[in-house]
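In what follows, a structure is listed as structure tokens, so that the remarks can point back to it.
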Amino acid sequence: MKIGFIGLGNMGAPMAANLAKAGHEVVGFDMTDVAVEGVSMAGSGAEAASGAEVVITMLPNGQILRAVANEMIPAMAQGSALVDCSTVDVDSARAVAEQASVAGLLSVDAPVSGGIGGAAAGTLTFMAGGTAEAFAKAEPLFDIMGQKAVHCGEAGSGQAAKICNNMILGVTMIATCEAFALADKLGLDRQKMFDVVSTSSGYSWTMNAYCPAPGVGPQSPADTGYQPGFAAELMLKDLRLSQQAAESADADTPMGQAATALYEKFVEGEGGLGMDFSAMLPRFEKRGRG
Ligand code: NAD
């Protein structure tokens, strides 16, 4: 299959390389000068998109996605598919899907979880929104780049699933970290805290699989000085998208709102930038109630 791939950053580059390795003809484009094994580079997004059966985008945000879509949709052949794997706001995902549909194209919003490690290993999870026909066209490519693809519903549903999941993740990480900090102050050993909570009703992915306390639970970024992992600023990006969607849909999300405010403070004023999102624990450790 001839595939256009636009946005060859930390995630896009290894995803495109995996498609090329599987035997597809991949033509890439990025604003910056990058080289990806097996991928030939085009001079523009439109050039990478022209003649492609599927065009995949992996871009920083919805504004950039809309600009790139404006440029490349006119260059795409009728019946070809636009597959956006970036994490963007639901409104942008729906607007781009509408624009693609008017131009006679198929489209899927298919954000991923699994991070840079999953992109390199080809073990991402895709959460997809779009018609059944569009999903069917993209699915063989999801199988190469990932280990699981869930068709969540119509256009925008993939982004909706992603931000709801990550809103739970942000809230749960904060709850886990503040509970550890409280346990410290109550004189409870962290290993004992883990042993109890990880097998009791307070268990969660953040406690059991990604424990924010160094030396406790399975290996996690806490064990390597909170190097990401999943950076606090990316958590903040997803939490902001969840609140933007909540505004737009008139949904009451007080915990999501509180988590957004806390990660905002952490990233913008408390040294959280560039740290893993589990570094909320040392943040709480240093503080009292005041
Ligand atoms: P990145 O910044 O490394 O890559 C984005 C790439 O897009 C860059 O190479 C940039 O030069 C390119 N780009 C920007 N504007 C462009 C344009 N107009 N035309 C062509 N290329 C352009 O970011 P990333 O970490 O690869 O993340 C990409 C997306 O995946 C984001 O939406 C992010 O939220 C999401 N995501 C990231 C992770 C992660 O762990 N990094 C995990 C899940 C989802």
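The values are calculated or read from the model by the stated rules, or taken from the named source; none is laboratory data. Everything quoted here is computed from the prediction, not taken from an experiment. Cβ: placed from backbone, ideal geometry, glycine included. Neighbour counts: every protein chain shown. Ligands, DNA and RNA are stripped out before the accessible areas are found, and what is left, the full protein with its side chains, is counted by its heavy atoms. Shrake-Rupley method; radii C 1.70, N 1.55, O 1.52, S 1.80 Å.
By the rule of a C-alpha distance below 18 Å, with chain neighbours fewer than 8 residues away ignored, the lysines paired with LYS2 are LYS21, LYS137.
On the principal axes of its alpha carbon atoms, segment 109-166 extends 28, 26, 11 Å, with the longest extent given first.
Within the same chain, lysines fewer than 8 places from LYS265 are excluded, and of the rest, those with a Cα less than 22 Å from its Cα are LYS237, LYS286.
A viscosity of 1.306 mPa s and a temperature of 10 °C, combined with the Kirkwood radius over C-alpha pairs in the Stokes-Einstein formula, give segment 240-290 a diffusion coefficient of 131 µm²/s. The residues packed around ALA245, meaning those with a beta-carbon under 12 Å from its beta-carbon, carry a net charge of -2 if Lys and Arg are +1 and Asp and Glu are -1. The spacing between segment 172-198 and segment 88-159, judged by their C-alpha centroids, is 37 Å. Amide H contacts under 5 Å for LEU82: VAL55, LEU106, SER107, VAL108, restricted to partners 5 or more places along the chain or on a different chain, H placed in the peptide plane at 1.01 Å from N.
Using the Cα centre as the reference, give the magnitude of the dipole from point charges on the C-beta atoms of segment 86-177 (Lys, Arg: +1; Asp, Glu: -1; all else neutral), rounded to the nearest 20 debye.
Values: 4 positive and 8 negative charges, 47 e Å.
Approximately 220 debye in magnitude.
In debye, nearest 20, what is the charge dipole magnitude of the chain about its Cα centre with +1 on Lys and Arg Cβ and -1 on Asp and Glu Cβ, if you could check? Walk me through the numbers on the way to the answer.
Details: 17 positive and 31 negative charges, 138 e Å.
Its charge dipole is roughly 660 debye.
Heavy-atom accessible surface of segment 113-158, averaged per residue, reaches 42 Å², computed with a 1.4 Å probe. Taking Cα centre as origin and charging only the Cβ of basic (Lys, Arg, +1) and acidic (Asp, Glu, -1) residues, the dipole magnitude of segment 182-290 rounds to 360 debye. If the viscosity is 1.306 mPa s and the temperature 10 °C, what Stokes-Einstein diffusion coefficient in µm²/s follows for segment 159-235 when Rh is the Kirkwood radius over Cα pairs? The diffusion coefficient I find is 122 µm²/s.
Per-residue ellipticity at 222 nm from helix content only, as computed over the chain with -39500 (n - 2.57) for each DSSP H run of at least four residues, stands at -15000 deg cm²/dmol.
In the full protein context, segment 179-290 carries 54 Å² of accessible surface per residue, based on a 1.4 Å probe and ignoring ligands, DNA and RNA.
For the chain, the alpha-carbon radius of gyration amounts to 1.07 times the rule-of-thumb value 2.2 N^0.38 Å expected for a compact globular protein.
The amide H of ILE6, built 1.01 Å from its N in the peptide plane, has PHE29, ILE56, THR57, MET58 as neighbours under 5 Å, considering only residues 5 or more places off or on other chains. Express the carbon and sulfur contribution to the solvent-accessible surface of segment 178-290 as a percent, rounded to the nearest whole number, probe 1.4 angstrom. Solvent-exposed carbon and sulfur of segment 178-290 make up 56 percent of the total.
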